[in-house]
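Heads up: the structure comes next, in structure tokens.
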Amino acid sequence: MRRILLAVLLLAPATLAAQDPDSAFVRATYDKREYRVPMRDGVRLHTVVYIPKDASPTNRYPILLQRTCYSAGPYGEGTFPRIVGPNRFMMREKYIVVYQDVRGRYLSEGDWTNVRPFVPDSVKARDPRAVDEASDAYDTIEWLLANVPHHNGRVGQWGISYPGFFTSMGALSRHPALKASSPQAPVTDFFFEDFHHNGALTQGYFYTYPIFGIPTGGPTPEHWWVPAMVQEGLPDDYTFQLALGPLSTTTDRYYRDNLFWQEIVRHPDYDAHWQARAVPPHLRGITHAVMTVGGWFDAEDLYGPLTVYKTIERHNPGAWNTLVMGPFAHGQWASPDAVHTLHGDLWFGDSLEVRFQRDVEARFFRHFLKESGDGRAGLPEAYLFDTGRKAWREFDAWPSPAGRRETWYFQPGGGLAPAKPAARRSYSEYVSDPAKPVPARCLVPTIQGLTMNHVMSDDQRCLSSRPDVLVFQTAPLAEDVTLGGELTARLVVSTTGGDADFVVKLIDVYPPDEPDHPHRPSPNVHMGGYQQMVRFEIMRGRYRESFSRPRPFVAGRPTPVTFRLQDVLHTFRRGHRIMVQVQSSMFPAFDRNPQRWVPSIYEASAADFVRATQRVWHDAARASGLELTILP
């Protein structure tokens, strides 16, 4: 449990007892003040403000705000974080930095609501006490402008993960002083990221529910949820989670009184509950600058940054809008001390995190909060890292209009090619057994701290030889092939069951003579023959026609199942192969489908979990494949 707790604490401003240069700089440079800021309905939110000591009527600074559910601490006079603001470069440039506990969390008053729904402006106009995270951001900015001295009248905001959600909502406050927002790995829709993927439960987040589902009982500086944390199951989470059996056991044994778990159980489909909490439908009327940031290997919130950027771009033509995607895990770009930029076994270069902080993030906020803010920030529309070529690329638009859409089809015999198969009747099949689900990783644990970090780029070699995993691949490539943009799995499948999941994985197969890089975390892992996960997604088959209205399969009937994978920018180098794997489980990252039709999998019994034979068709009339975009 200790490492789980540490993972959460890293999301809040970290303290450092020892007087390292950063900590000493903060104490020498900033004054600290704490306030209880009133909202329009009378609830007071605990707010911590760090003001540069040299701020004065003739030396004014912008305000930089983060609203968080992960603690605005450290609390109390004389306690300081190691770094204030998004990074140490901005800390040294100096801003008025503000952290605020949102409603119902830590020292703030009010009731906590997970991803609190947005309240339309028309409702707020009729009811002046109607509140959401956008109104709380507006009221906070208004109060700061009136009560914190020596600001320059400009406000920016940032946040990673859940604080990224509060940043997106803050953008909808439309406060005239808000000039720059940076939602980073923002929580955007819990049915498609974090706790679900296309309706499948992210069982790998088993340990997080006390953090989000236990009420505080009133303002507190303590981590009140710690006593409720589950302490079983690691390091062999596969065996532990499998032994739990149906999800109803999780309810009965651990989370019968957990409010968030109960929400998930009561709403298995994409109903009004989840739709009300989705961010994209409300991203309208944004006129200030937005820089959305994400990581290609973010196991939690890859959907969020791509969706937020594209939605703002589509519906807010007047906004200065840019996207940054690096070779990072969840929030990794914010690490202040990274030297070698690694994800799992893979090395992408040195100090890429630091370069982002200094050359991109600091430049963005400096331009819009301290300089002219005319949009000439020297940043591209999209600044994305090619995870195969291991280099940054700049784009005028994303997805790039220079891309060529193709479908690469599964071939009889396991081939993968851009030509449709010619066979009249052809399929590959496997038996999916919920008692022996395909592991999410070749190694345990699947869960590191609170997330499934390594799953995103893991070696797939141990899985490609399983009888319940189909493999389709090209011959060694004669030249580089760059995939950049959206991916769509287009399957035609049949099953002997009433329900089924389908996982599609895009994999870069390294040649057998690939040299090892010098920064491997384990000397026992070699790059020769490595099968690098590039992208994957799971689709719960009952939602193939509608996420709101599930339907069973008709046993034995070939049925189209189409779903999106998240974007990629990856060059498959000459001599490598492009591989696609298809399977029906990825455990314990995602819960097991019983494969017998039940109205709700959360209420399935052990007897509902049955073996099923899955067929993936690849003939002229029923061609399956992966639709992709090839960049020049």
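Evaluated against (1) in contact with a Phe, Trp or Tyr (Cβ under 9 Å, 6 or more places away or on another chain); (2) over 29 Å from R573 (Cα atoms); (3) part of a loop (DSSP other than H, G, I, E, B), E545 falls short on exactly one condition, (1).
Here R564 clears all of (1) over 18 Å from L491 (Cα atoms); (2) touching a residue at least 60 places away in the same chain (Cβ under 8 Å) except the condition numbered (1).
Of all the residues in segment 569-593, those that are under 20 Å from R466 (Cα atoms) and surrounded by 18 or more Cβ atoms within 10 Å (Cβ to Cβ) number 16. Kindly check whether there is at least one residue in segment 369-380 that is assigned to a helix (DSSP H, G or I), of a type outside the set (S, T, Y), surrounded by 20 or more Cβ atoms within 10 Å (Cβ to Cβ) and assigned by TED's automatic domain parsing to the domain that holds G159. For segment 369-380, residues assigned to a helix (DSSP H, G or I), of a type outside the set (S, T, Y), surrounded by 20 or more Cβ atoms within 10 Å (Cβ to Cβ) and assigned by TED's automatic domain parsing to the domain that holds G159: present. Considering only residues in segment 320-367 that are closer than 14 Å to F89 by Cα and of a type in the set (A, V, I, L, M, F, W, C), the one that is surrounded by the most Cβ atoms within 10 Å (Cβ to Cβ) turns out to be W333. Selection within segment 612-632: residues that are part of a loop (DSSP other than H, G, I, E, B) and within 32 Å of the chain's Cα centre (by Cα). The member of this set that is nearest to D396 (Cα to Cα) is P632.
Taking the criterion of being in contact with a His (Cβ under 7 Å, 6 or more places away or on another chain) and at positive phi, the only residue of segment 181-231 that qualifies is A185.
Filtering A146, A72, A134, A125 for residues that are in contact (Cβ under 8 Å) with a residue 60 or more places away in the chain and either closer than 21 Å to E34 by Cα or small (G, A, S) (or both) leaves a single hit, A72. Would it be correct to say that L477 is buried (at least 23 other Cβ atoms within 10 Å of the Cβ), over 30 Å from F553 (Cα atoms), in contact (Cβ under 8 Å) with a residue 60 or more places away in the chain and not hydroxyl-bearing (S, T, Y)? So L477 fails the test. Among the conditions (1) under 28 Å from Y383 (Cβ atoms); (2) not in a loop (DSSP other than H, G, I, E, B), the only one that F472 does not satisfy is (1). Looking only at segment 131-153, decide whether some residue is in contact with an Asp or Glu (Cβ under 8 Å, 6 or more places away or on another chain), in a loop (DSSP other than H, G, I, E, B) and among the hydrophobic types (A, V, I, L, M, F, W, C). Yes, segment 131-153 has at least one match. Please specify each residue of segment 491-524 satisfying the condition of being under 27 Å from the mean Cα position of the chain (by Cα) and β-branched (V, I, T). Across segment 491-524, the qualifying residues are V503, V504, I507, V509. The requirement of being under 25 Å from the mean Cα position of the chain (by Cα), of a type in the set (A, V, I, L, M, F, W, C) and in a helix (DSSP H, G or I) is fulfilled nowhere in segment 430-449; no residue meets it. Of all residues in segment 264-293, those that are in a loop (DSSP other than H, G, I, E, B) have Cβ atoms under 9 Å from Cβ atoms of residues that are surrounded by 14 or more Cβ atoms within 10 Å (Cβ to Cβ) and among the basic types (K, R), 6 or more apart or on another chain, in D269/R542; R277/R116; G285/R174; I286/R174; T287/R174; H288/R174; H288/K179.
The rows are residues; the columns are (1) touching a Lys or Arg at 6+ places or on another chain (Cβ under 6 Å); (2) closer than 30 Å to Q203 by Cα; (3) not assigned by TED's automatic domain parsing to the domain that holds P512.
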site	(1), (2), (3)
R424	no, no, no
S428	no, yes, no
L463	no, yes, no
L470	no, yes, no
L477	yes, no, no
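Counting the residues of segment 81-104 that are within 22 Å of the chain's Cα centre (by Cα) and part of a loop (DSSP other than H, G, I, E, B) gives 4.
Considering (1) more than 17 Å from the chain's Cα centre (by Cα); (2) crowded, with 18+ Cβ neighbours inside 10 Å; (3) not in a helix (DSSP H, G or I), say which one G159 fails and leave the rest. Unmet condition: (1).
For the subset of segment 53-80 comprising residues that are in a strand (DSSP E or B) and touching a Phe, Trp or Tyr at 6+ places or on another chain (Cβ under 6 Å), which member is surrounded by the most Cβ atoms within 10 Å (Cβ to Cβ)?
Filtering segment 53-80 for residues in a strand (DSSP E or B) gives 56, 59, 61-68.
Okay, now just the ones that are also touching a Phe, Trp or Tyr at 6+ places or on another chain (Cβ under 6 Å), so 61-62, 64, 66-67.
Working: Y61: 22, P62: 23, L64: 24, Q66: 25, R67: 28.
Among those that are in a strand (DSSP E or B) and touching a Phe, Trp or Tyr at 6+ places or on another chain (Cβ under 6 Å), it is R67.
Looking at (1) under 19 Å from G304 (Cβ atoms); (2) surrounded by fewer than 21 Cβ atoms within 10 Å (Cβ to Cβ); (3) in contact with a His (Cβ under 9 Å, 6 or more places away or on another chain), which is the one condition that is false for T113? With respect to (1) under 19 Å from G304 (Cβ atoms); (2) surrounded by fewer than 21 Cβ atoms within 10 Å (Cβ to Cβ); (3) in contact with a His (Cβ under 9 Å, 6 or more places away or on another chain), T113 is out only on (3).
The values are calculated or read from the model by the stated rules, or taken from the named source; none is laboratory data. This is a predicted model, so every value here is computed, not measured. Neighbour counts run over all protein chains shown; Cβ positions are idealised from the backbone, glycine included.
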